[in-house]
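Some notes on the structure that comes next.
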Amino acid sequence: MIKKIPIEELKPGMEVVRVADDLWHHLPYLYAEPGIIESEEEVARLRELGYRETFVATDEAAGKTDEAHLEQLLAEPRLDRERPVRTPFGEAISSAMVTYEDAMAHAMQIVQDAKLGRKMDFATSLETASAIVESAVSNPDTLVCLAKLSEFDDYTYTHCINVAAISVVFGEYIGMSREELVLLGVAGMMHDLGKTTVPARIINKPGPLTRPERDEVRRHPEYGCDILQRNSDIPAKVLRAVMHHHERHNGSGYPAGMTRKDIPAFARILSLADVYDALTSDRCYKNAILPNKALGIMYGMRDQDFDPTEVQLFIKCLGIFPAGSFVRLNTGEYALVFETNSREPLNPKIRIIMDREMKPIRTRDVDLTAPDGGDGPIEILECADPSAYRKNLMNYLTAR
Ligand SMILES: [Fe+2]
């Protein structure tokens, strides 16, 4: 439903809608720029500008329309749409790094707030998610690279941000609007907040969990919703995504055991990003799996864990060699994949960084779709495991 409200009642996260194209011409005090309100400052600014009223979508009606729209996008993604020109990786990476570090600081803040029972700073969550969306629109490979190569110790925080970033990259790939992407990013940042309620000795236990411990971990989506519900301004869509991010396609997930048709689209997207990041990260009980192998494993989980079409779309989005992959070439050299190519997934843009003895060399960027320079074509032979060689590749993202 669409409702007219006084500007004073406008809150971050609410969606302003334009009801009729010409109506606002006759009502100069009606604010009618469609989109999600991102902060209290924005509301204050609108008040200062003299706006008195606006039309907003109420959660129930907006929720139903949004859900139908998202289902439509996932079934028929807008892959061939006109996109803004991508900023080259070398230019986009610096601001993506700033965004990623700011997001990390915000993740620490919201985890702290959750632990101490404080009210969440939702306005800053929206700003943080907006910055992630800007990075994804500008050059999605930067975020995928950072999600893999950033070295922060605490999995809790990096996982929040990685799930937000990867979900947003996927949402951008299928053609979601910026407003939807911002809320998806917020849901990603908050999806595991409920783990702050689960005792740390269970979360960090290296060995197998006992039945009661496992049951406790499985309550984290509900705990997360309890935490978020203390904040009246968290949209229902975010709450539902947090609640259901562990539901599975065939009904084997938790907490509700929903099957595909009932799982909200946001929750299904979070679940893809969540599993990908968990598989490709080092944990106390397992080593990281290489990105391309992780995607292979996820493909094997189609029909059980994931909708088969959606997991294939996710794999297509990240590419056969996802950005951030460390690869061995037919020349014997080693390279870092920094830009994927959806038309030719075997031929991404790579930065050659080490010789066959793994000694650092003067880096050079090669577009594998381009004709070779006379020494024969360069090909990727396989993904290599940087951790097996104790290589930290982060510096190579910016070094030229
Ligand atoms: Fe979770």
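Angle of helix 308-318 to the longest C-alpha principal axis of the chain, folded into 0 to 90 degrees and rounded to 10: 70°. Once the 1.4 Å probe is applied to the protein heavy atoms, the stretch 273-394 comes out at 49 Å² accessible per residue. What the Cβ-Cβ distance of Ala200 and Ala105 gives, at R0 = 35 Å and to the nearest 0.05, is a FRET efficiency of 0.95. Remark: the Ala44-Glu91 segment gains 13.5 nm on full extension, using 0.36 nm per residue and subtracting the alpha carbon distance.
Taking the longest Cα principal axis of the chain as reference, the axis of helix 89-116 is set at about 60 degrees. Amide H to amide H distances under 5 Å link Arg283 with Ala288, where only residues 5 or more positions off or on other chains count and H is placed in the peptide plane. Answer rounded, prolate or oblate for the stretch 89-318, using the Cα gyration tensor with square roots of eigenvalues a ≥ b ≥ c: rounded when a/c is under 1.5, else prolate when a/b is larger than b/c, else oblate. Taking the square roots of the gyration eigenvalues as a ≥ b ≥ c, the stretch 89-318 is rounded. Rg and Dmax, both from the Cα atoms of the stretch 50-204 and both in Å, are 16.8, 54. For Phe306, the residues whose modelled amide H falls within less than 5 Å of its own, excluding neighbours fewer than 5 places apart on the same chain, are His249. Between helix 122-138 and the chain there is an angle of about 50 degrees, using the helix long axis and the longest principal axis of the Cα atoms. Given a cut-off of 25 Å, name the pairs among Lys148/Lys293; Lys3/Lys237; Lys3/Lys261 whose C-alpha atoms lie farther apart than that in the structure shown. Pairs exceeding 25 Å: Lys3/Lys261. Placing +1 on the Cβ of each Lys and Arg and -1 on the Cβ of each Asp and Glu in the stretch 223-284, which of Ser281, Asn231, Met243 has its Cα farthest towards the positive end of the resulting dipole? Checked the options; the winner is Met243. Which log10 I(q)/I(0) values does the stretch 284-368 give at q = 0.18 Å⁻¹ under the Debye formula, counting every alpha carbon as one identical point scatterer? The computed values of log10 I(q)/I(0) come out as -0.81. Charges were assigned to the Cβ only: +1 to each Lys and Arg, -1 to each Asp and Glu. The resulting dipole of the stretch 265-372 about its Cα centre is roughly 260 debye.
Across the chain, C-alpha contacts under 8 Å between residues 6 or more apart give a mean separation that, scaled by the residue count, equals a relative contact order of 12 percent. Taking the chain as a Gaussian network of alpha-carbon nodes connected by springs under 10 Å, the highest mean-square fluctuation of the residues Asp226, Asp66, Asp80 belongs to Asp80. Per residue, the convex hull spanned by the alpha carbons of the chain comes to 147 Å³. Once backbone amide H atoms are built at 1.01 Å from N, Ile353 has Tyr334, Ala335, Leu336 as its partners under 5 Å, excluding neighbours fewer than 5 places away on the same chain.
Summing charges over neighbours of Ala114, with a neighbour being any other residue whose Cβ is under 15 Å away from its Cβ, gives 0 when K and R count +1 and D and E count -1.
Quick one: among His245, His106, His191, which has the greatest mean-square fluctuation in a GNM of the chain with alpha-carbon springs under 10 angstrom? Its mean-square fluctuation being the largest, the pick is His106. Projected over every direction and averaged, the convex hull enclosing the alpha-carbon atoms of the stretch 326-398 yields 4.9 nm². The 3J(HN,Hα) values that the Karplus relation (6.51, -1.76, 1.60; θ = phi - 60°) gives for the stretch 182-196 are, in residue order, 4, 5, 5, x, 4, 4, x, 4, 9, 4, 10, 4, x, 5, 5 Hz. Gly and Pro appear as x. Normalised by 2.2 N^0.38 Å, where N is the number of residues, the alpha-carbon radius of gyration of the stretch 112-178 equals 1.20. Computed per residue of the chain from DSSP H runs no shorter than four, each worth -39500 (n - 2.57), the mean residue ellipticity at 222 nm is -14500 deg cm²/dmol. Relative to the Cα centre, the charge distribution of the stretch 105-219, modelled as +1 at Lys and Arg Cβ and -1 at Asp and Glu Cβ, gives a dipole magnitude of about 640 debye.
For the chain, a simple Cβ point-charge model (Lys and Arg +1, Asp and Glu -1, everything else neutral) yields a dipole of about 1100 debye relative to the Cα centre.
The values are calculated or read from the model by the stated rules, or taken from the named source; none is laboratory data. Given the structure is predicted, the values throughout are model-derived calculations rather than measurements. Backbone-built Cβ (ideal geometry, glycine too); neighbour counts: all protein chains shown. Surface accessibility is based on the protein's heavy atoms, side chains included, excluding ligands, DNA and RNA. Shrake-Rupley method; radii C 1.70, N 1.55, O 1.52, S 1.80 Å.
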